[in-house]
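Everything on this sheet refers to the single structure shown next.
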Amino acid sequence: MSPFPTSTVLGYPRIGPHRELKRALESYWDGRATRDDLDRVGAEIRERTWRRLAELGLEGLPSNTFSMYDQVLDTAVLLGAVPARYRDADDPYFAMARGTEQLAPLRMTKWFDTNYHYIVPEIGPDTVFELDPGKPLSEVREARALGYETRPVVVGPVTFLLLASALDRLDEVLACYEELLSVLAAEGVAWVQLDEPALVADRTPEELAAVRTAYERLGAAGARPGLFVATYFGETGEALPVLAGTPVEAIGVDLVRGGVPGIDLPGKTVVAGVVSGRDVWRTSPERALAALAGVRAGRVTVSTSCSLLHVPYDVAAEPRLDPALKERLAFAEQKVAEVVALSRTAFPSSTAGLVPAAPSVAPSVAPSVAPSVAPSVAPSVALPAPVAAEGRGPYAERAAAQAERLRLPPLPTTTIGSFPQTGALRAARAAVAAGTLSREDYERRVEAEIERVIRLQEGLGLDVLVHGEPERNDMVQYFAEHLDGFAVTANGWVQSYGSRCTRPPILHGDVGRPSPITVRWAAYAQSLTGKAVKGMLTGPVTIVAWSFVRDDLPLRDVVFQVADAVREEVSDLEAAGVKIIQVDEPALRELLPLRRAAQDDYLEWAVATYRRATSGASDRTQIHTHLCYSDADQILAAIDGLDADVTTIESARSGGRILGAVKAFGRGLGPGVYDIHSPRVPSAAEVEELLRATLAVLPAERVWVNPDCGLKTRTYEQVEASLANVVAAARELRDAL
Ligand code: GLN
Ligand code: ZN
């Protein structure tokens with residue numbers, strides 16, 4: 001077996017440096033481009049990636065890290081786990097991902113503690129696993145035709161099945177992986193990477209036994225490539241000795257989030273993730289080399305802590321960033337260069353395949369000189385102790401005061417905040433940035449859009465209105481642009497799901513709110529209508545979760561700084577006459593540590609930051625919160641602890657499983673009845689059915705009727721039709737109450 005390359009990355013961004021894949025996908029979905037057009041763009045992105053990685057000097061090039069939508073969905077297809085109902089669709093792959101006129105899509109949820117969303121495989125009694133190795137094989141061949149030998153990357157069997165809640169199907173799935181190994185071996189592939197991030201979370205003895213079974217069996221496969229099992233997003237812990245006891249040749253460990261493994265791994269190659277795939281800071285060569293030197297293994301090679309999917313492409317594409325900040329930054333391109341430089345420093349004769357040279361010598365090729373956070377960051381202000389909810393009275397009193405003030409009908413209808421972002425608005429923002437449109441003209445257009453959204457909602461008969469968020473490019477970036485301590489990027493796109501990307505801001509200094517941010521838009525919207533308009537803010541945890549964050553302060557302290565800024569905004573909104581304020585915390589669960597031992601502490605401070613942000617509101621002001629996931633089971637107590645008067649939560653796609661869980665909250669609840677992730681328009685009958693299911697579990701006087709999330713990604717056509725059906729369904733049931 002050839003030795004594992006001395007430098008590699010676990011994966012690379014794939015949306016394209018200028019989001020070429022996004023555009024190609026959306027053109028294809030809209031019928032403006034053919035499948036061939038789309039495939040051509042995919043091939044160009046793959047080719048560019050391999051060429052670039054090779055140019056930067058990386059030795060081990062991954063393949064099959066490209067995806068038309070999601071790597072978990074790709075793995076489901078690889079294993080033949082395509083539910084029967086999608087097989088006859090025009091394009092079963094995108095039908096599973098996005099739904100069709102007739103079919104709801106598969107469920108989507110967040111990938112571990114990232115803001116990347118994967119498609120949850122659906123495995124049931126009818127699932128027949130059958131290997132379809134087309135995609136990894138064709139990528140290997142495609143790279144080979146360009147002159148590159150690659151290491152295909154596939155989600156590993158244990159993680160795949162855990163994500164699908166189907167670990168009992170291990171035996172069948174392993175047969176497919178065995179076949180895959182033999183197909184890849186026949187193709188002359190030297191190494192395969194099986195991603196097992198699930199191994200960094202707490203695992204039961206049965207699950208660890210499954211790890212042993214899986215890798216003993218795959219290790220025993222006849223002709224096969226070298227097996228590289230990549231664990232990431234934290235410390236591998238108890239799964240590491242288990243893996244070490246199997247025949248796998250290489251094990252990937254995350255040395256950024258986890259410590260140096262405490263055990264000797266004599267017969268193994270450790271692929272040491274010392275360059276972070278989760279932040280944008282340059283790597284400290286001293287720290288990285290010390291970590292490499294600490295690993296006791298047969299062989300050590302240098303890698304990223306996880307796939308670089310979670311960082312943008314290139315710092316060089318950011319001409320407007322402050323040069324002093326830029327110095328401290330590394331995006332995917334820079335991180336690859338760091339991996340290469342570290343590997344060359346740590347292993348001067350790179351083909352040796354030996355234990356690393358003593359890295360006590362300062363690196364000759366410094367991958368970066370700046371420590372990950374420059375000392376120029378001003379020391380933080382001392383933070384006052386967390387404020388509890390003492391500012392607000394008990395719920396019953398609040399509810400009475402709010403009912404009196406708001407006078408809403410039963411089953412009030414509302415939306416989550418954003419309305420479709422039109423191309424015209426985005427173009428107008430770009431024109432302001434380019435200096436071809438004046439601020440005043442832009443603001444008039446935003447006002448016109450707010451007016452249109454208000455009239456639309458009045459026409460549809462919604463009860464609580466929103467201004468539609470037309471002034472926001474993004475729910476986090478917009479706030480980052482108006483707060484001190486943040487920088488925003490021009491091209492720092494990171495894939496969120498499918499064709500969707502965000503540009504996470506960079507939180508690099510102390511946070512402050514120099515002036516009100518949303519008040520003028522909220523007040524303007526309220527001035528147009530007699531109905532209540534909800535003010536719309538992003539919560540402190542979410543602002544931080546969806547940013548790249550300074551690493552010289554505990555995360556908790558950073559979030560409290562943001563909470564104070566939000567608290568000031570809440571108070572200014574109230575003063576401007578806004579009666580309902582929604583503070584979204586869709587990322588509350590995302591930051592939940594993967595290990596149980598760390599979770600309680602996190603949840604305690606996270607809830608405290610939310611309360612700090614909202615507890616200045618009077619009892620007459622109704623506080624809403626919004627969370628975008630249905631698998632809230634682990635954080636229910638925390639959601640309850642937010643003490644929001646109304647909680648809206650994703651539910652439409654999940655068959656009502658959230659309802660029983662949130663039932664115990666004694667406050668307002670809006671389980672989503674319209675899945676906004678899909679272009680499909682739900683019928684009134686469908687919405688009514690979801691509402692009936694809701695009312696069977698929750699008392700009617702606490703139920704709100706709303707979509708799963710904001711409407712920003714949909715078209716007006718879809719939204720108008722869908723909301724009309726939502727309102728019709730609510731009225732129907734309201735009359736029957
Ligand atoms: N208010 C935001 C919106 O409607 C919430 C988005 C979210 O939860 N992701 O767009
Ligand atoms: Zn949401």
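No lab work stands behind these numbers, since they all come straight from the coordinates. For clarity, every value in this text was computed on a predicted model and none was experimentally measured. Neighbour counts are summed over all protein chains in view; Cβ atoms, including those assigned to glycine, are modelled from backbone coordinates with ideal geometry.
Measuring max minus min along each principal axis, the C-alpha atoms of segment 20-351 give extents of 56, 51, 36 Å (largest first).
Under 5 Å between amide hydrogens, built in the peptide plane, is the criterion, and for ALA587 it picks out THR542 among residues at least 5 positions away or on other chains.
Where does each of 602-608, 53-59 land if you order them by average Cβ count within 10 Å, highest first? Please list the in-between numbers first.
Details: 602-608: 20.7, 53-59: 17.7.
Descending packing order for the listed peptides: 602-608, 53-59.
Computed from phi, the 3J(HN,Hα) profile of segment 95-107 under the Karplus parametrisation 6.51, -1.76, 1.60 (θ = phi - 60°) reads 5, 5, 6, 10, x, 9, 3, 8, 10, 6, x, 5, 5 Hz, with x in place of Gly and Pro. Take the Cα radius of gyration of the chain and divide it by 2.2 N^0.38 Å, N being the number of residues; the result is 0.95. Along its principal axes, segment 218-289 has C-alpha extents of 43, 23, 19 angstrom, given from the largest down.
Calculated on the alpha-carbon coordinates, the convex hull of segment 386-476 measures out at 157 cubic angstrom per residue. Among residues other than THR159 with Cβ under 9 Å from its Cβ, the summed charge is -2 (Lys and Arg +1, Asp and Glu -1). Backbone amide hydrogens, once placed in the peptide plane, bring THR301 within less than 5 Å of VAL270, VAL271, ALA272, excluding anything fewer than 5 places away on its chain. When you restrict to C-alpha pairs under 8 Å that are six or more residues apart and normalise by the size of the chain, the relative contact order lands at 12 percent. Shape summary: segment 539-581 maps onto an equivalent ellipsoid whose semi-axes, from the alpha-carbon gyration tensor, are 26, 10, 6 Å in decreasing order.
Could you sort the peptides 26-37, 632-643, 577-588 by per-residue average Cβ neighbour count (10 Å cutoff), highest mean leading?
Highest to lowest by the protection proxy: 577-588, 632-643, 26-37.
Roughly what % of DSSP beta bridges within the chain run antiparallel, to the nearest 5?
Values: 10 of 62 bridges.
Once the DSSP bridges in the chain are tallied, antiparallel ones form about 15 percent.
Relative contact order, whole percent, for segment 595-665 stands at 33, derived from Cα pairs under 8 Å and 6 or more residues apart.
Number of Lys-Lys pairs in the chain with C-alpha atoms under 17 Å apart and a separation of 8 or more places or on different chains: 5. Calculated [222 nm] ellipticity per residue, helices only, for the chain: -12000 deg cm²/dmol; basis is -39500 (n - 2.57) per DSSP H run with n ≥ 4, divided by all residues, nearest 500. Derived scalar couplings between HN and Hα for segment 145-151 equal 4, 8, x, 10, 8, 10, 10 Hz in order, rounded to whole Hz, by the Karplus curve 6.51 cos²θ - 1.76 cosθ + 1.60 (θ = phi - 60°), x for Gly and Pro.
In a reduced charge model with +1 at each Lys and Arg Cβ and -1 at each Asp and Glu Cβ, segment 36-138 shows a dipole moment near 300 debye about its Cα centre. Near the amide H of ALA230, within less than 5 Å, lie the amide hydrogens of LEU194, ASP195, GLU196, GLY252, all on another chain or at least 5 residues away, with H placed in the peptide plane.
Looking at segment 20-351 alone, DSSP beta bridges between its own residues are antiparallel in about 15 percent of cases. First check a/c for segment 533-652, with a ≥ b ≥ c the square roots of the eigenvalues of its C-alpha gyration tensor; if it is under 1.5, answer rounded, and if not, answer prolate when a/b is larger than b/c or oblate otherwise. It is oblate, given that a/c is not under 1.5 and a/b is not larger than b/c. Across all directions, the average projected area of the convex hull around the alpha carbons of segment 665-711 is 3.5 nm².
Karplus-derived 3J(HN,Hα) values for segment 583-591, using 6.51 cos²θ - 1.76 cosθ + 1.60 with θ = phi - 60°, are 10, 6, 10, x, 9, 3, 6, 4, 7 Hz; glycine and proline are entered as x.
Explain nothing, just the number: relative contact order of segment 20-351, from Cα pairs under 8 Å at least 6 residues apart, as a whole percent. All intermediate terms of the calculation are to be shown ahead of the outcome.
Working: 559 pairs, mean separation 40.0, N = 332.
Across segment 20-351, relative contact order equals 12 percent.
When only alpha carbons are used to place a centre, segment 589-665 and segment 462-495 end up 22 Å from one another.
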